[in-house]
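As structure tokens, the structure follows; a few thoughts come after it.
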Amino acid sequence: MDDIDLIPLLPDMAAFVQVAEAGSFSAAARRLGVTPSAVSRQVQRLERALSVRLIERSTRQLRLSDAGEAVCARCRDMLQAAAAAVGSAGQLQAAPRGLVRLSAPVAYARHRIHPHVPEFLARYPQVDLQLLLLDRLVDPIAEGVDLVVRVTEQPFEGWVARALHRVEHVLCAAPDYLRAHAEPDHPRALATHQCLHLGESRQDQRWQFTRGSERARVEVHGRYPANHSAVRAEAAAAGLGIASLPDFVASPWLADGRLRRVLADWTFHPPVYAGTAWLMYPPNRYLPPKARVLIDFLVERLAAPCA
């Protein structure tokens with residue numbers, strides 16, 4: 001069926017979605033301001049054009065057939081696209097305003113996003129920002145979240161994703177700790193040290209490293225595992241051991257000398273929280289100006305190496 005042939009069916013597709021959502025022809029007719037018989041004729045016309053039965057009818061109720069479920073999903077996409085087309089011209093002119101809800105992992109939100117929030121709010125005085133610090137996976141549609149930041153090797157399939165920057169992990173310890181203990185010159189030496197790891201599963205103690213073509217794996221132990229990177233940084237600075245830290249957490253501690261890199265010639269591959277920081281949102285979703293300006297702002301501020 002050519003695009004030209006589809007044009008007369010577009011109102012019938014819209015009416016079919018209303019029937020599916022309202023649960024009856026009469027309820028759909030009230031929404032559309034027409035008679036139930038008119039809506040019934042539209043659905044019948046769509047069924048003839050597609051050569052499938054979309055709705056199983058009885059005297060008491062109706063339900064979508066398997067074909068009807070599939071067609072309805074596509075028709076909803078069509079209506080969403082139409083809504084986006086209608087709103088696009090207004091988006092170009094409208095000033096960003098309203099609340100934007102952004103979810104990000106706790107450490108990333110605290111250390112990479114939060115420091116830039118005052119500038120964003122000053123730049124867009126009519127936009128409010130709710131920052132949700134959550135390490136768990138968020139369902140943006142079910143939870144009413146506009147944008148999601150996740151650190152992962154691969155963005156979620158089917159989502160719109162903008163790469164922000166690569167998140168590397170480093171090992172750090174206090175200079176006093178390293179003077180008091182034999183500083184490790186190879187990953188296997190970590191087995192004799194107090195190591196501040198995530199501690200959420202046994203896998204968190206299995207640290208892997210590469211140096212060129214060389215690979216090393218060691219199971220570490222420590223008296224104070226903690227699943228918060230800032231706590232591990234503070235514990236390391238207090239001399240409690242060698243901590244695994246995201247680079248954006250370690251950076252200020254390394255800069256002022258409270259911590260020092262350990263095994264800097266090796267690349268550390270943590271079991272979790274590794275990869276690229278991605279800014280993501282579901283596709284086919286109308287993005288108002290308030291969300292668009294936040295996307296652009298975060299890409300502008302974060303798509304660069306950590307300072």
For V170, net neighbour charge (Lys/Arg +1, Asp/Glu -1) across residues whose Cβ lies under 9 Å away: -1
Given 116-122, 228-234, the highest-first ranking by average Cβ count within 10 Å works out to 228-234, 116-122
Assigning unit charges at the beta carbon (Lys, Arg +1; Asp, Glu -1) and nothing else, what dipole magnitude in debye, to the nearest 20, does the chain show about its Cα centre? 500 debye
Grab the Cα-Cα distance for A70 and E119, subtract it from 0.36 nm times how many residues apart they are, and report the gain in nm with one decimal. 13.1 nm
Count the net charge of all other residues whose Cβ sits under 12 Å from the Cβ of D296, scoring Lys and Arg as +1 and Asp and Glu as -1. +4
Kyte-Doolittle mean at least -1.0, axial Cα span of 27 Å or more - DSSP H helices of the chain: 66-93
Write down the accessible area per residue of the range 4-81 in Å², having rolled a 1.4 Å probe over the full set of protein chains. 60 Å²
With a 10 Å cut-off between alpha carbons and a GNM built on the chain, which of R57, R215, R150 moves the most? R57
List the residues, sorted by chain then number, that are 5 or more residues from L134 or on another chain and whose placed amide H is less than 5 Å from its amide H. A104, V106
List the residues whose amide H sits under 5 Å from the amide H of C195, counting only those 5 or more places along or on another chain, with H placed 1.01 Å from N in the peptide plane. H221, G222, R223, I242
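The values are calculated or read from the model by the stated rules, or taken from the named source; none is laboratory data. Keep in mind the model is a prediction, meaning the values are calculated, not measured. Please note: Cβ atoms are built from the backbone with ideal geometry, for glycine as well, and neighbour counts cover all protein chains shown. To get the accessible areas, we keep the full protein, side chains included, count just its heavy atoms, and leave off ligands, DNA and RNA. Shrake-Rupley method; radii C 1.70, N 1.55, O 1.52, S 1.80 Å.
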